[in-house]
1. Any residue that is out of contact with any strand residue (DSSP E or B) (no Cβ under 7 Å at 6 or more places or on another chain) and acidic (Asp, Glu) - is there at least one of those in region 277-294?
2. Does TYR238 fit the bill of being farther than 22 Å from TYR105 by Cα, among the aromatic types (Phe, Trp, Tyr), surrounded by fewer than 20 Cβ atoms within 10 Å (Cβ to Cβ) and without any contact (Cβ under 8 Å) to a residue 60 or more places away in the chain?
3. So, restricting to helices (runs of 4 or more DSSP H) that lie completely within region 22-139, which ones have at least 2 residues that are assigned by TED's automatic domain parsing to the domain that holds VAL258, buried (at least 17 other Cβ atoms within 10 Å of the Cβ) and free of Cβ contacts under 8 Å to residues at least 40 places away in the same chain?
4. Identify all residues within region 162-194 that are in contact (Cβ under 8 Å) with a residue 60 or more places away in the chain, over 21 Å from SER14 (Cα atoms) and assigned to a helix (DSSP H, G or I); write none if there are none.
5. Scan region 2-21 residue by residue and report those that are in contact (Cβ under 8 Å) with a residue 24 or more places away in the chain, surrounded by 15 or more Cβ atoms within 10 Å (Cβ to Cβ) and under 23 Å from ILE100 (Cβ atoms).
6. Is region 182-201 home to any residue that is of a type outside the set (D, E, K, R) and under 25 Å from GLY277 (Cα atoms)?
7. Please work out which residue is surrounded by the fewest Cβ atoms within 10 Å (Cβ to Cβ), limiting yourself to region 241-278 and to residues that are within 15 Å of TRP223 (Cα to Cα) and of a type in the set (D, E, K, R).
Amino acid sequence: MPSHLLSIADLSYSDIINLLDTASDLKEKRKRGKTTDELKNKTLAMLFEKSSTRTRISFEVAMTELGGHAIYLNYKDVQLGRGESVADTARVMSRYVHAIMARVYKHETVIELSEKGNVPVINGLSDLEHPCQLLADLLTIREYKGKFKGLNFAWIGDGNNVCNSAMLACAIAGMKMTVACPPGYEPDVNIMNKAKELGGTVNIIRDPLKAAKNADILSTDVWVSMGDEEEYDQRLRYFKPYQINSKLLELAKRDVMVLHCLPAHRGEEITGEVVDGPNSAVFDQAENRLHIQKALLLKLLA
């Protein structure tokens, strides 16, 4: 297990399986009301440049239920918002806390935090990747499908940071991935090459109907991510054909599972009947953020 989690590619297949096993065990114990204090007297600093629902709540609850403490730090409320360098912030925070989770705009920020500090750093989201989300997705897929190898994972929509992490996760886990997106919105080419180096199969196509055909998993994200609001009207025009709806579900396998990292904009990237329908694993997926992050914190801090 590495000392940081900046990219899903930081983890080996055995690292991922170990995390999933631990998360499943913690999930079951939580249902039975069993608790642990393995992170007693440990503190996680949660640094937010981007707002969040699931990331903040899941990490804060995770630390609490493991006996530790989490501190919420908004960029505007700390000296980073007034010009203090990331390097100085990392050096100081490392003397106070036992780990840093950062949800930021630029991936370089989490890299610098890990290089200049001396405590574990977790990428809670950057413009390049969202590894914690994909760990929760893998946990959900294993719960529903019981395996990874040979599954067809179809991503419909924007080739964004979540899509980037999905390419790497699919490569490591042995799933075949197809990305259906409009021209100019492809996933990061360097990450795609990295996924192929890891043995992954990634196909970029334009037709969402072809991507959905025989898919075991259909996954998407919002069409307009934080920071892209100025492109709202343009993106809605370009992405209109890339909606997960009942038509796509009919082309996929009968037991296809639908994933969405939330928040969902019903009527845009996904219809309400799908996100709330029998094929949706969206809310199990959201819950699993808590369990996988507990497992991750234990591995990095216990």
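The values are calculated or read from the model by the stated rules, or taken from the named source; none is laboratory data. Just so we're clear, the structure is a prediction, and the values are computed from it rather than from any experiment. Positions of Cβ are generated from backbone atoms using ideal geometry, with glycine treated the same way; all protein chains shown enter the neighbour counts.
1. Narrowing region 277-294 to residues out of contact with any strand residue (DSSP E or B) (no Cβ under 7 Å at 6 or more places or on another chain): 277-278, 283-284, 286-294.
Now drop any that are not acidic (Asp, Glu), which leaves 284, 287.
There is at least one residue in region 277-294 that is out of contact with any strand residue (DSSP E or B) (no Cβ under 7 Å at 6 or more places or on another chain) and acidic (Asp, Glu).
2. Numbers: farther than 22 Å from TYR105 by Cα: yes; among the aromatic types (Phe, Trp, Tyr): yes; surrounded by fewer than 20 Cβ atoms within 10 Å (Cβ to Cβ): yes; without any contact (Cβ under 8 Å) to a residue 60 or more places away in the chain: yes.
Considered against the rule, which asks whether it is farther than 22 Å from TYR105 by Cα, among the aromatic types (Phe, Trp, Tyr), surrounded by fewer than 20 Cβ atoms within 10 Å (Cβ to Cβ) and without any contact (Cβ under 8 Å) to a residue 60 or more places away in the chain, TYR238 comes out as yes.
3. Details: elements: 54-65, 86-96, 107-116.
Output list is empty.
4. VAL162 - this is the single residue of region 162-194 that is in contact (Cβ under 8 Å) with a residue 60 or more places away in the chain, over 21 Å from SER14 (Cα atoms) and assigned to a helix (DSSP H, G or I).
5. If the condition is that a residue be in contact (Cβ under 8 Å) with a residue 24 or more places away in the chain, surrounded by 15 or more Cβ atoms within 10 Å (Cβ to Cβ) and under 23 Å from ILE100 (Cβ atoms), then HIS4, LEU5, LEU6, SER7, ILE8, ALA9, ASP10, LEU11, ILE16, ASN18, LEU19 are the ones that fit.
6. Going residue by residue through region 182-201, those that are of a type outside the set (D, E, K, R) are 182-185, 187, 189-193, 195, 198-201.
Subsequent filtering for residues that are under 25 Å from GLY277 (Cα atoms) retains none.
No: region 182-201 contains no residue that is of a type outside the set (D, E, K, R) and under 25 Å from GLY277 (Cα atoms).
7. My answer is ARG266.
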